[in-house]
Amino acid sequence: MLFWTTLKVALRSLLANKLRSILSMLGIIIGVGAVIAMLAVGAGAQKQVLDHVTALGSNLIMVMPGQPRSGGVRGGSYQTLTVEDAQAILAEVPEVEKASPVARGNGQFKYYNKNKESSIMGVTLTYLGIRNFSIEQGRNFTVSEVEQRVKVAVLGADTAEELFGEDDPIGEQIKIAGVTFKVVGVLKAKGTQGPFSFDDQALVPYTTAMDRILGTDYLSEIDLEIAEDSDQEAVQAAIEDVLRKRHAIRAGQDDDFHVRNMAEMVETATSVTRTFSLLLGSVAAISLVVGGIGIMNIMLVTVTERTREIGIRKAIGAKDRDILVQFLLESILMSALGGVVGVGAGVSVAQVSSLVSGFTAVVEPVSVALALSFAVCVGVFFGFYPARRAAALDPIEALSYE
Amino acid sequence: MTAEHTPAALPEADFVIRAQELVKTFRLGETIVRALDGVSFAVGRGEKVAITGPSGSGKSTLMNILGCLGPPDEGEYVLAGEPVSKLSGNRLAEIRNKYIGFVFQTFNLLPRLSAVENVELPLLYGGVADAPQRAQEALETVGLGDRMRHEPSQLSGGQRQRVAIARAIVTDPAILLADEPTGNLDQSTGQEIMALFDDLHAQGRTVIMVTHDQEVAGRCERQIHILDGRIANGAEDARGD
């Protein structure tokens, strides 16, 4: 009963000074809005990484050439991985079910007057399975095509779309880095975005890529698929053993390659986005605190202005606690209202940034609850001192205040 | 001394106020001012008493102590049977809520609350259940049953003072303590308010008027005249004994 009247009074006094209340709430609005937007962008980035990993398959292990270090300076890649390494791993580690050499390069793709720069992936036919690709149209290349270095290509969905548009690419001839290839298939789109999209590339037999385009005997990567329930750590160790033996690396010497599993990649990516969110979140938290100081300031002014009212209330029987609650409620109301408006602002900013940046910001209910409760806490914390000053006023002095 | 300012022999239970040797001092720079310098008197239930005196005489200080807005430095004050002179803070707030109805010269209504909400307020602080009902009845008693939803700014001075009186009587307090209740009103409105106090007195309420207006004081049964922090004339003047 008393509570509702108090709330009503608090609301009325905020409405009586609309401009002042809005200006005091601005800090909270900006702070909460920033928290919501930052967390949404962070969550969106994390989701994108996870989508990427899901698209790759979680039982993927990649072997990369190591990077030489001399005096702390990192140079280019070692040329250490060979096709024989890939075959040895497949033969000697039982948990490895599929292996594909990967010889990667970039080149100009041409089909009549259409032109684009794209990745050339020299792989074997098991690559599709390892990377969770499937054929949308046409076919994969065959064992004999790989053995005989035939110039056939399977295009990524976006690449095919860009070069051929509505036309049927199967059977057409295109030029990749000046060499004529026949398109035999198109991959189903994975829907990934950004500069490392899996939909913008061409798969060709690794033999063809190494001999006819890249002119190299070394691989840029070996992709492996391991059995579903196997122990990733143990398999990784077994792969390392095979390669150290083959590369004649003695105990204590650094590896000239490294082996990475998906769990590690997820961890790296999430820790980056977490650091990013934390940094931006703390900036937002600072602005919430600044907003709180703004509220404290205006509450101190309010208490001085309403000294006489406080005196009247005390004269008719308000206890210190009643006055405290009244002014505390007013500052909480202000910060909570600011919080609600801030959530709206933050969500709109997140949506606009999704539209502009092309990667989706995700507003999580948890972050809304977090930001709102933080705003209320700011109201309590910064409202307490002015409210206590109001409660501690002497009724005689307050009544005679002009 | 005490006997002189006490109404004719009454049983102990019928005293609403018993004040014994009240002292209140203030420090003004280097000097200590004795605003009240040993004031003793009593008020019986249902009396209408005026406390008069020029400004600076200490009558405001006396009103603050009688209204339980602050404790005296020395002396005993028993209000409606409860010794209150040693209480402070929240206990005094409870006593004010329960036993005292204030009527101020400047009305002192809360600006953003309607008449009925203003009158409800003491009941809400006292935790009384049927506040809206009782507030309505109090407003009807002062003749403002048709102005309940109006805010103070929409009411005339006399109407505001009636709302203030309704707020003072709504808790059914032991004393009505009015501080220059007609001071901000014109002659005829002041007469109406005085008539209202007469009615309330006739209904058996104890009324204490703090005033320097002789006409207001003259309508009381008894006058306690304060001069330099002491009682200068006794209750016997007004009572004629």
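The values are calculated or read from the model by the stated rules, or taken from the named source; none is laboratory data. Keep in mind it's a predicted model, so treat the numbers as computed, not measured. In this analysis, Cβ positions are derived from the backbone assuming ideal geometry, glycine residues included, and neighbour counts consider all displayed protein chains.
Some values worked out for this structure:
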item	result
Only one of B:VAL39, B:VAL43 that is touching an Asp or Glu at 6+ places or on another chain (Cβ under 8 Å), buried (at least 21 other Cβ atoms within 10 Å of the Cβ) and more than 14 Å from every other protein chain (Cβ to nearest Cβ)	B:VAL39
Some residue of region B:145-157 being over 20 Å from B:ILE65 (Cα atoms), free of Cβ contacts under 8 Å to residues at least 40 places away in the same chain and of a type in the set (S, T, N, Q)	yes
Subset tally (residues that are within 9 Å of the chain's Cα centre (by Cα) and free of Cβ contacts under 8 Å to residues at least 12 places away in the same chain) for region A:267-281	1
Subset of region A:4-22 that is in contact (Cβ under 8 Å) with a residue 40 or more places away in the chain and hydrophobic (A, V, I, L, M, F, W, C) - its residue that is farthest from the other protein chains (Cβ to nearest Cβ)	A:LEU7
Any hit, region B:116-127, residues being touching a residue at least 40 places away in the same chain (Cβ under 8 Å), closer than 30 Å to B:LEU92 by Cβ, surrounded by fewer than 20 Cβ atoms within 10 Å (Cβ to Cβ) and not small (Gly, Ala, Ser)	no
A:VAL242 being over 33 Å from the mean Cα position of the chain (by Cα), at pLDDT 90 or above and in a strand (DSSP E or B)	no
In region A:324-376, residue surrounded by the most Cβ atoms within 10 Å (Cβ to Cβ) [restricted to those that are within 20 Å of the chain's Cα centre (by Cα) and without any contact (Cβ under 8 Å) to a residue 24 or more places away in the chain]	A:GLN351
Long-range neighbours under 9 Å by Cβ, at least six apart or interchain, first residue in a helix (DSSP H, G or I) within region A:31-45, second of a type in the set (D, E, K, R) and surrounded by fewer than 23 Cβ atoms within 10 Å (Cβ to Cβ)	A:LEU39/A:GLU364; A:ALA40/A:GLU364; A:GLY42/A:ARG274; A:ALA43/A:GLU364
Qualifying positions in region A:216-230 - under 18 Å from A:ALA263 (Cα atoms), touching a residue at least 24 places away in the same chain (Cβ under 8 Å) and part of a loop (DSSP other than H, G, I, E, B)	A:ALA227, A:GLU228, A:SER230
Test: residue in region B:187-204 that is at positive phi, touching a Ser or Thr at 6+ places or on another chain (Cβ under 8 Å) and surrounded by fewer than 20 Cβ atoms within 10 Å (Cβ to Cβ)	no
A:ALA160 being of a type in the set (A, V, I, L, M) and assigned to a strand (DSSP E or B)	no
Among (1) surrounded by fewer than 14 Cβ atoms within 10 Å (Cβ to Cβ); (2) more than 21 Å from A:LEU214 (Cα to Cα); (3) modelled with pLDDT of 90 or more, the one test that A:GLN108 misses	(2)
Matching residues in region A:240-262 - criterion: being touching a residue at least 40 places away in the same chain (Cβ under 8 Å) and either out of contact with any Leu (no Cβ under 7 Å at 6 or more places or on another chain) or not hydrophobic (A, V, I, L, M, F, W, C) (or both)	A:VAL242, A:LEU243, A:ARG246, A:HIS247, A:ASP254, A:ASP255, A:ASP256, A:HIS258, A:VAL259, A:ARG260, A:ASN261
Candidate set from region B:81-95 (those that are crowded, with 18+ Cβ neighbours inside 10 Å and closer than 21 Å to B:VAL39 by Cα); member that is modelled with the lowest pLDDT	B:SER85
Leading residue by the ranking (nearest to A:GLU228 (Cα to Cα)) among those in region A:259-294 that are outside the structural domain of A:PHE384 (by TED's automatic domain parsing), crowded, with 16+ Cβ neighbours inside 10 Å and modelled with pLDDT of 80 or more	A:ASN261
In region A:309-323, residue nearest to the chain's Cα centre (by Cα) [restricted to those that are facing chain B (nearest Cβ under 7 Å) and in a helix (DSSP H, G or I)]	A:ASP322
Single unsatisfied condition, A:ALA189 versus (1) in a helix (DSSP H, G or I); (2) under 30 Å from A:THR360 (Cβ atoms)	(1)
